[in-house]
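*Asks:* Dropping a structure here in structure tokens format, bear with me for questions.
The values are calculated or read from the model by the stated rules, or taken from the named source; none is laboratory data. Note that the coordinates shown come from a computational prediction; the quantities given were computed from them, not determined experimentally. When we count neighbours, we look across all protein chains shown, and the Cβ atoms used for this are built from the backbone with ideal geometry, even at glycine.
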Amino acid sequence: MKIEEKREGQAVILSIEGRLDHEGSKIFDERVTQLIEAGERDLVVDFQGVDFLASMGLRALIKPYQTLAQKGGKIAVANLSDSVRTVFRLAGIEKAVPIYDSVPAAVAAV
Amino acid sequence: MAELTLQVTNDFAALGPVSAQVRDFLCACHAPDAACFLTDLVIEELVTNTIKYGYDDGDTHDIHVSVNFHKGCLRIEVRDRGNAFDPLAQEAPDLTLPTDERPIGGLGIHLVRQMTDDVHYERRGEENVVVATKGFPAE
């Protein structure tokens with residue numbers, strides 16, 4: 001799993017390539033935790049390159065959502081495949097972590 | 001009926017290569033993409049549970065996984081000789097809680113239950129056996 005980062009205004013865009021399984025989610029969690037500790041408050045996660053997401057991947061999103069909610073920040077996701085979107089819906093987090101059809105739309109919203 | 005059988009060691013790093021083998025197998029069976037994703041998810045969640053809770057000795061153990069896809073019916077079986085553990089007995093997560101108050105946990109088995117037609121557990125001798133099934137009607 002690889003993460004590319006780019007800044008757009010106040011937001012940091014994390015583009016993920018690969019699997020958000022147990023191993024991939026650990027890498028993602030470590031990087032997002034570092035960003036939040038460094039003071040970043042607006043995060044956008046681009047799922048264009050994500051072909052698999054398991055519960056560990058959801059936890060790796062819920063955790064920063066909870067942390068950022070306390071710090072006045074936001075996390076949003078964009079470009080979900082149908083399968084990944086189904087997992088979001090069944091886990092009941094699509095109503096909390098906002099989902100956008102494109103990265104620019106997500107950046108505009110955070 | 002084609003069946004893929006695999007032995008996975010109780011190491012999280014072993015799951016990535018398993019996924020690739022399972023996807024190749026299902027692709028050869030002309031299974032739909034949704035079946036590939038679901039199989040990947042079921043194996044990831046069940047084997048992860050076994051790695052976390054199955055063993056106390058720190059040794060290497062084999063977890064047996066079998067997958068078959070026949071006439072639109074997907075069947076996934078995961079067997080291990082670890083501690084008796086029924087993953088289906090875990091309490092379902094409370095999805096009515098706001099996300100910022102929700103405990104992080106229990107989601108994996110919740111997803112397996114929601115995404116399959118049937119999943120059941122049985123302690124068979126010294127083995128934990130979990131079988132999940134899902135039908136995919138012809139498109």
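*Asks:* With the structure loaded, tell me whether B:V22 is buried (at least 20 other Cβ atoms within 10 Å of the Cβ) and under 20 Å from B:R123 (Cα atoms) or whether it fails that test.
*Replies:* It is false that B:V22 is buried (at least 20 other Cβ atoms within 10 Å of the Cβ) and under 20 Å from B:R123 (Cα atoms).
*Asks:* Check off (1) surrounded by fewer than 16 Cβ atoms within 10 Å (Cβ to Cβ); (2) under 22 Å from B:G16 (Cβ atoms); (3) within 11 Å of another protein chain (Cβ to nearest Cβ) for A:L53 and give me the number that stays unchecked.
*Replies:* Checking A:L53 against (1) surrounded by fewer than 16 Cβ atoms within 10 Å (Cβ to Cβ); (2) under 22 Å from B:G16 (Cβ atoms); (3) within 11 Å of another protein chain (Cβ to nearest Cβ), the one that fails is (1).
*Asks:* Could you list, in sequence order, the residues of the range A:60-78 that are surrounded by 19 or more Cβ atoms within 10 Å (Cβ to Cβ), within 26 Å of B:D40 (Cα to Cα) and without any contact (Cβ under 8 Å) to a residue 40 or more places away in the chain?
*Replies:* Selection gives A:L61, A:I62, A:P64, A:Y65, A:A76, A:V77, A:A78.
*Asks:* Let me ask another. Among the candidates A:F28, A:F47, single out the residue that is without any contact (Cβ under 8 Å) to a residue 60 or more places away in the chain, under 24 Å from B:C36 (Cα atoms), part of a strand (DSSP E or B) and not β-branched (V, I, T).
*Replies:* So the residue among A:F28, A:F47 that is without any contact (Cβ under 8 Å) to a residue 60 or more places away in the chain, under 24 Å from B:C36 (Cα atoms), part of a strand (DSSP E or B) and not β-branched (V, I, T) is A:F47.
*Asks:* Checking the condition surrounded by fewer than 20 Cβ atoms within 10 Å (Cβ to Cβ), free of Cβ contacts under 8 Å to residues at least 60 places away in the same chain and either small (G, A, S) or more than 27 Å from B:Q114 (Cβ to Cβ) (or both), which residue from A:E94, A:E23, A:E5 passes?
*Replies:* Values: A:E94 fails: either small (G, A, S) or more than 27 Å from B:Q114 (Cβ to Cβ) (or both); A:E23 fails: either small (G, A, S) or more than 27 Å from B:Q114 (Cβ to Cβ) (or both).
Sole residue among the options that is surrounded by fewer than 20 Cβ atoms within 10 Å (Cβ to Cβ), free of Cβ contacts under 8 Å to residues at least 60 places away in the same chain and either small (G, A, S) or more than 27 Å from B:Q114 (Cβ to Cβ) (or both): A:E5.
*Asks:* Quick one: in the range A:64-84, which of the residues that are assigned to a strand (DSSP E or B) and not small (G, A, S) is farthest from B:Q114 (Cα to Cα)?
*Replies:* My answer is A:K74.
*Asks:* Now a separate question. Out of the range A:28-43, which residues are among the basic types (K, R) and either over 9 Å from A:V12 (Cα atoms) or out of contact with any helix residue (DSSP H, G or I) (no Cβ under 9 Å at 6 or more places or on another chain) (or both)?
*Replies:* A:R31
*Asks:* Please indicate, with yes or no, whether at least one residue in the range A:85-107 is under 27 Å from B:I51 (Cα atoms), at pLDDT below 95, in a helix (DSSP H, G or I) and within 12 Å of the chain's Cα centre (by Cα).
*Replies:* Yes; the residues of the range A:85-107 include at least one that is under 27 Å from B:I51 (Cα atoms), at pLDDT below 95, in a helix (DSSP H, G or I) and within 12 Å of the chain's Cα centre (by Cα).
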